[in-house]
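Asks: I have a structure here, written as C-alpha cells, and I will follow up with some questions on it.
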Amino acid sequence: MTALAVAAASLRRMLRDRTALFFVVLLPVLVIAIIGTVVHNPGGFRIGVLAGQAAGPALATSLVDDLGAAGPVEFQTDEQAARTALRRGELDAVVLVPVDLEATLLRGDDVVIPVLAGGAESTQSAVRSAVSAAVARHAERVQAAAFAARRTNSSVAEQLPRATALQRVTPRISVSTENVASGSDYLPLGFGYSAPTMLVLFVFINALAGGATVVQTRQLGIYSRALAAPVRARDLVFGETLSYLTFALLQSALIIGTGSLLFGVSWGNLPAAIALVVTWALVGTGAGMLSGAVFKTPDQASAIGPVVGIAFAMLGGCMWPLEIVPETVRTVGHATPHAWAVDAWITLLSRAGGLADIATDLAVLAGFAAGMLGLAAVLLRRRLSS
Amino acid sequence: MNTALVIAAKDLRHRLRDRSAIVLGFIAPVLVAALMSFAFSSVEAFHADIAFVDNDHGQIAVALRTALTSRELSDVLSIESVGSEQQAGKLVDDGDVGAGLVIPAGFSAAAVGDEPVGLTVLGSPDNPLEAQVAKAVADAYVAQLNADRLSVHTALAAGVPAGRTAELAKAVAGLRLPESVEARATGYRQLTTASYYAPAMGIMFVLFAIGFTAHSFFAEQRGGTLERISAAPIGRGGVLLGKSLAAFVYSVASLTSLAVVSSLAFDAQWGPPLPAAALILAMSAALVALTALVIAVSRTERQADGIAMMITFALLLLGGNFVLISQAPDLLRKLALLTPNGWALRGFTDLATGAAATAALAPALVILGMAALVGLLAGVIGRWRAAS
C-alpha cells in the first residue's frame, strides 16, 4: 500500500513537469514524423534534367518522359544548379540531353548522352544502369524509325510516330522482378521504420533522464525523512519502480497510439507486441532506477543519461539498421538491450512473427530488465539505509 | 573589456571542472562520429552478386551471360551459375546473393518469334539496389533485341512487303541502338557519412550548451553571485559579455577539436581550414545569441532548461542534424534553411564535397545575420522585461 502511495506521488510529480512532457509527448511524435518522411522509398532514382532541354524538340521531350521510368524527374534551371544539387546529394543523377539530339537522330546518326551519377558509390552504378535502360527504351523506337526510313526511302521524322505507336502494341521481351524473400531483415520503410525504433529510443532515454528526479529526491533528503516514518526502504524502492514502469507504459501507449492513428503504422501480432512493449518498459524502468541510484547529481543524470541513451540507440539499431553495419559492430550492438528490442520488432513487423518467434529476444530483454532492476534496488536500498 | 575577459576565464574554468561539460563538448561528439563512421564503413562500396539460372541454353542466353561477365560490368556485378530457379530463390532469400536472373526455357527461340518470353529477376526487399541493377542490366541487353523486333514491325507497317520479313530480320541483326549513355565524372568528392555527421553531431552537442549556460546564469542569480558582482564597479554589459565570450570559446573549442580528431581519425572532410573556421565561428556566435534569447525570455533555472531544450531540439530536427537532409523532400530541405545549423550543415556539405572555399561565405554570413537578429530580439525582450 505504501509502495502504491509512493508510486502515485512520483507519477504525479513526473506528469506535472511540463518540460518532461515536451520530451515524452511532442518530441517523439515530431521525430517519428521527420525520420519517417526522410527514410522512405522515393520510387526510383531522382533524375535531374535541365528545364530548357525538356521543353525543347519532341525527341528530347519524349526522352525525358522515358527517363521517368528510372525515377522522379526534377527540372533544374541550368547545368550549374543541377551539378550543385547532385553534389549536395539532392539528386541521384543528372542527364545532360544534348542540344542537337533531335537533329542528329533524325539525320540517322548516333548520339551519346552524358550522365553524371551521384550518391554513394553503392548507388552510382545502379543509377547509371537505370538511366541506360530508360535511354535504351527511347532508342528502340528511334532505331526502328531509322530502319524503316532507310527501307522505304522516307524520313526518320515520318516513321517516328509509326514506330512509337507500334512500340506500345508490339509484344516485347520483358524483364520482371519477383520478390522471393520470405521475410525481411529490415523494418518497413517510412513510419513503419521510425515509429518502433523511436519507441525503443524514447522510452529508454526518458527513463534514464528521469533518474534525475530520484537523485534529486535523494539529495533533498526526502527519502531519509520518509524513512523516519514507519516506511520500509523496500517499499520506497518498489514504489519508485512502479511509478517509472507506469510512466514508461504511458509513453509507449502514446507512441503506439499516435503511430497507428496519425501515421498508419501497423504494430504486428497483438499479444507479441504487448509482451514486447511491457518487457521494454521494464528495461526502461531498470535503466531509470539504475541512473537514479548511480548518478550523484541530477545534472549528471540529465546530461549523461541522454548521451548514453543515444549511444545505445545507435549501437542497437535505432538510428540505422544493424543489417548494414560490419559484423563486429553488430555483435557489439547486441550488448545493448536496444538491439534485441529492434530485432524483435523486425520479426513482428517484417516477418509477421508471433510470440514464439520473439521468445529469445524477450528472454534476453527480461534478463536485462531483471539485472538492472536488481542492481538498482540493491544500490538504492543501501543508499537509503546508510 | 578586461573585466569581461576575467569573467569569461572564470566561467570557462568553472565549466571545465564539470565533467558533464567535458563529456558533452569533447568526448561524446568524437564517440558518436566514430560510431557512425564505423557503422557505415561497409555501405559506401557496392558490388552485386547475381545468381544466374540458364534454363534455355540457347544462343541468346549464352550471349547474355557473356555480356554480364564482360570486363566493364566486372566492378559492378559478379555472376554465379546456379542449377535451378528454386536454388537461386533460396540464395536470394538467405542473402547469400543480392539477386537472381532466370532465363526461361525456350527464351532464345521465342526472342525472334511473335510471342517472346520474358526474363525474371529474383529480388528481395532487403537488397533493392542489387535487384535494380540486375533488372537494369538485363533491360539494357534485351533493349537491342526489342529494338530489332520493333524495327522489323515498323518496316513492315511502313510498306515493306511481308514476303521480305526474313530479309528484314537478317538486316536488323547488325543494327546498334542509336542512343547510348556515357558516364561523366562529376568533378567533386563524394559526401561520406563521416563528413556529414561529424559536423552535424558536433553542432548538436554544442547546441546543448545553450541550456547549460542559461542554467548557470539563473543559478548564479539565485545564489546572489550576480547581485554581488553588480555591487562592484562592473557594468551589466561586462558580465553579459564575459559570459557570452565563455560560451563562444567553449563552442569554438568543441567544434574545432571535433574537426581535428574526426579528420585525422575517421577521414571526415571539413574542407579548407579558413572557410571551415568561418562556419565554426559563425555557428558559435549564433549559439551565444540563442543563449541570450533563452536568458531573456526565462525567469527561473527550470524555465531556462525547458525553453533551451525545446529550442535546441526544434533546431536540430529542422536543421537536419538527425537525418541526411539531402534525402529529405524539398519542403524539409527548405525548412532546414530557416535554422543556423541548417545553413552550417549546408556550408560543411559544400566544403566536404570540394566546392570552392567561397561556398562557405554565404552560409557564414546568413548565420551571422540570424545571430544578429536573435541577439537583437534578446536585447529588446531583456530591456522590456527589465523595465516592466
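Asks: Scan around B:VAL181 for amide H atoms under 5 Å from its own, H built in the peptide plane at 1.01 Å from N, and keep only partners 5 or more places away or cross-chain.
Replies: Sorted by chain and number, the residues that satisfy this are A:ILE113.
Asks: Name the residue farthest towards the positive end of the dipole of chain A from the options A:VAL265, A:THR213, A:LEU322, assuming +1 on Cβ of Lys and Arg, -1 on Cβ of Asp and Glu, about the Cα centre.
Replies: It is A:THR213.
Asks: Which Cα, out of A:VAL97, A:ALA120, A:PHE147, lies furthest along the positive dipole direction of the range A:78-158 (beta carbon charges, K/R +1, D/E -1)?
Replies: So the residue we want is A:PHE147.
Asks: A further question on this structure: Calculate how many DSSP beta bridges within chain A are antiparallel, expressed in % of all such bridges and rounded to the nearest 5. Don't jump to the answer; show the numbers that get you there.
Replies: Details: 3 of 10 bridges.
Percent antiparallel among DSSP bridges in chain A is about 30.
Asks: Dipole of chain B, Cα-centred, from +1 at each Lys and Arg C-beta and -1 at each Asp and Glu C-beta, to the nearest 20 debye?
Replies: The calculated dipole for chain B is roughly 2660 debye.
Asks: Further question: Report the charge-dipole magnitude of the range A:47-169 in Debye, nearest 20, computed about the Cα centre from +1 at each Lys and Arg Cβ and -1 at each Asp and Glu Cβ.
Replies: Charge dipole of the range A:47-169: 360 debye, to the nearest 20.
Asks: Tell me which of A:LEU250, A:THR19, A:VAL73 sits at the most positive position along the dipole axis of the protein assembly as shown, charges placed on C-beta atoms (Lys, Arg +1; Asp, Glu -1).
Replies: Result: A:THR19, furthest along the dipole toward the positive end.
Asks: Same structure again: Using amide H atoms built 1.01 Å from N in the peptide plane, name the residues 5+ places from B:ASP49, or on other chains, whose amide H lies under 5 Å from its own.
Replies: B:SER78, B:GLY98, B:ALA99
Asks: Considering Cα pairs under 8 angstrom that are at least six residues apart, work out the relative contact order of the range A:47-169 and quote it in whole percent.
Replies: RCO, the range A:47-169: 24 percent.
Asks: Over the range B:48-172, consider all pairs of different Cα atoms and compute the Kirkwood hydrodynamic radius from their mean reciprocal separation; express it in Å, one decimal. Can you show the working numbers first?
Replies: On the way: mean 1/r = 0.0643 Å⁻¹.
One over the average 1/r among Cα pairs gives 15.5 Å for the range B:48-172.
Asks: Report the Cα centroid-to-centroid distance between the range B:335-369 and the range A:249-287 in angstrom, as an integer.
Replies: Centre-to-centre (Cα) distance: 39 Å.
Asks: Take every DSSP beta bridge whose two residues both sit in the range B:48-172, then give the antiparallel share in percent to the nearest 5.
Replies: 25
Asks: Between B:LEU361 and A:LEU220, what is the label-point separation in nm under the 7 Å Cα-to-beta-carbon projection?
Replies: Each label point lies 7 Å from its Cα, and together they span 5.7 nm.
Asks: Just to verify a number: FRET efficiency for A:ASP17 and B:ARG385, C-beta to C-beta distance, R0 = 35 Å, to 0.05?
Replies: 0.90
Asks: Placing unit charges on C-beta atoms (Lys and Arg positive, Asp and Glu negative, everything else neutral), compute the dipole magnitude of the protein assembly as shown about its Cα centre in debye, rounded to 20.
Replies: The dipole of the protein assembly as shown has a size of about 3780 debye.
Asks: Here is a follow-up. Please report the buried accessible area for the interface of A with B, total over both chains, probe 1.4 Å, in Å² to the nearest 100.
Replies: 8500
Asks: Also: Find the centroid of the Cα atoms in the range A:292-346 and in the range A:168-210, then give the distance between the two in whole Å.
Replies: Here the answer is 21 Å between Cα centres.
Asks: What angle, in degrees between 0 and 90 and rounded to the nearest 10, separates the Cα long axis of helix B:340-352 from the longest principal axis of the Cα atoms of chain B?
Replies: The angle comes out near 50 degrees.
Asks: Counting only the heavy atoms of the protein chains, how much of B:ILE79 is accessible to a 1.4 Å probe, in Å² to the nearest 10?
Replies: For B:ILE79, solvent-accessible area is about 40 Å².
Asks: Moving on. Report for chain B the percent antiparallel among DSSP-assigned beta bridges with both residues inside it, nearest 5. Mind dumping the intermediate values first?
Replies: Working: 3 of 13 bridges.
So the antiparallel bridges in chain B amount to around 25 percent.
Asks: Please work out the ratio of the alpha-carbon Rg of the range A:134-240 to 2.2 N^0.38 Å and round it to two decimals. Walk me through the intermediate numbers first.
Replies: Details: Rg = 36.2 Å, N = 107, 2.2 N^0.38 = 13.0 Å.
This ratio for the range A:134-240 stands at 2.79.
Asks: Moving on. Does anything in the range A:172-212 have its amide N under 20 Å from the 7 Å Cα→Cβ label point of A:TRP320, and if so which residues?
Replies: Residues A:185-202 fall inside that zone.
Asks: State whether the range B:1-89 is rounded, prolate or oblate according to the following rule on the C-alpha gyration tensor (a ≥ b ≥ c being the square roots of its eigenvalues): a/c under 1.5 gives rounded; otherwise a/b larger than b/c gives prolate, and the remaining case gives oblate.
Replies: Working: a/c = 10.45, a/b = 4.44, b/c = 2.35.
It is prolate, given that a/c is not under 1.5 and a/b is the larger ratio.
Asks: Could you estimate the translational diffusion coefficient of the range A:47-169 from the Stokes-Einstein equation, with Rh from the Kirkwood formula over C-alpha pairs, at 4 °C and 1.567 mPa s, in whole µm²/s?
Replies: It comes out at roughly 86 µm²/s.
Asks: Something else about it: Quick one: accessible area per residue over the protein assembly as shown, 1.4 Å probe, rounded to a whole number of Å²?
Replies: With all protein chains present, the protein assembly as shown gives 42 Å² per residue.
Asks: For A:LEU50, which sequence-distant residues (separation of 5 or more, or a different chain) have an amide H within less than 5 Å of its own amide H, given hydrogens modelled in the peptide plane?
Replies: When sequence neighbours closer than 5 places are left aside, the close amide H contacts are A:GLN76, A:VAL97.
Asks: May I ask you to give the average projected area over all directions of the convex hull of the Cα atoms of chain A, in nm² rounded to one decimal?
Replies: 24.6
Asks: Something else about it: Calculated from DSSP H runs of 4 or more alone, at -39500 (n - 2.57) each and per residue, what is the 222 nm mean residue ellipticity of chain A, nearest 500?
Replies: Mean residue ellipticity at 222 nm (helix-derived): -22500 deg cm²/dmol.
Asks: On the protein heavy atoms, probe 1.4 angstrom, tell me the percent of accessible surface of the range B:56-181 carried by carbon and sulfur.
Replies: 54
Asks: Further, regarding this structure: For an R0 of 22 angstrom, estimate the FRET efficiency from the Cβ-Cβ distance between B:LEU175 and A:GLU79 and round to the nearest 0.05.
Replies: Values: r = 32 Å, r/R0 = 1.46.
E between B:LEU175 and A:GLU79, to the nearest 0.05, is 0.10.
Asks: Sticking with the crude label model, points 7 Å out along Cα→Cβ, report the distance from A:ASP100 to A:LEU261 in nm, one decimal please.
Replies: 6.5
Asks: Residue by residue, what Karplus-based ³J(HN,Hα) values in Hz, rounded to whole numbers, does the range A:323-338 have, using 6.51, -1.76 and 1.60 with θ = phi - 60° and x for Gly and Pro?
Replies: 4, 8, 8, x, 3, 5, 4, 5, 5, 4, x, 6, 7, 9, x, 3
Asks: For chain B, what is the calculated [θ] at 222 nm in deg cm²/dmol (nearest 500), taking -39500 (n - 2.57) for each run of four or more DSSP H residues and dividing by its residue count?
Replies: About -22000 deg cm²/dmol.
Asks: Quote the FRET efficiency, to the nearest 0.05, computed for A:HIS334 versus B:ASP267 with a Förster distance R0 of 35 Å and r equal to the Cβ-Cβ distance.
Replies: Taking R0 as 35 Å, the efficiency between A:HIS334 and B:ASP267 is 0.80.
Asks: Next question, about the same structure. Let me test this: with uniform point scatterers at the alpha carbons of chain B, what is the Debye-based log₁₀ I(q)/I(0) at q = 0.10, 0.12, 0.14 1/Å?
Replies: -0.77, -0.94, -1.13
Asks: In the protein assembly as shown, if every C-alpha pair distance is counted and binned at 20 Å from zero, what percent goes to each bin?
Replies: Using 20 Å bins, I get a P(r) of 15, 40, 29, 13, 3, 0 for the protein assembly as shown.
Asks: Still on this model: Report ³J(HN,Hα) in whole Hz for each residue of the range B:52-65, in order, from the Karplus equation J = 6.51 cos²θ - 1.76 cosθ + 1.60 where θ = phi - 60°; Gly and Pro get x.
Replies: Values, residue by residue: 10, 10, 10, 8, 9, 6, x, 4, 5, 4, 5, 5, 5, 4 Hz.
Asks: Normalising by the residue count of the range B:48-172, find the relative contact order in percent from Cα pairs under 8 Å and 6+ residues apart.
Replies: Numbers: 165 pairs, mean separation 32.3, N = 125.
Computed over the range B:48-172, the figure is 26 percent.
Asks: In addition: With the full set of protein chains in place, find how many percent of the accessible area of the range A:145-248 is carbon and sulfur; take the probe as 1.4 Å.
Replies: Answer for the range A:145-248: carbon and sulfur cover 57 percent of the accessible area.
Asks: If you find the alpha carbon centre of the range B:1-79 and of the range B:220-255, how far apart are they in angstrom?
Replies: Centre-to-centre distance over Cα atoms comes out at 41 Å.
Asks: Sticking with this one: Using only alpha-carbon positions, what ratio does the radius of gyration of the range A:162-202 give when scaled by 2.2 N^0.38 Å?
Replies: Compactness ratio reported: 2.29.
Asks: Something else now. Quote the relative contact order of chain A in percent (integer), defining contacts as alpha-carbon pairs under 8 Å separated by 6+ residues.
Replies: Value for chain A: 19 percent.
The values are calculated or read from the model by the stated rules, or taken from the named source; none is laboratory data. Remember, predicted model here, so these are calculated numbers, not experimental data. Backbone-built Cβ (ideal geometry, glycine too); neighbour counts: all protein chains shown. Quick note on the areas: whole protein, heavy atoms, side chains included, nothing else; ligands and nucleic acids left out. Shrake-Rupley method; radii C 1.70, N 1.55, O 1.52, S 1.80 Å.
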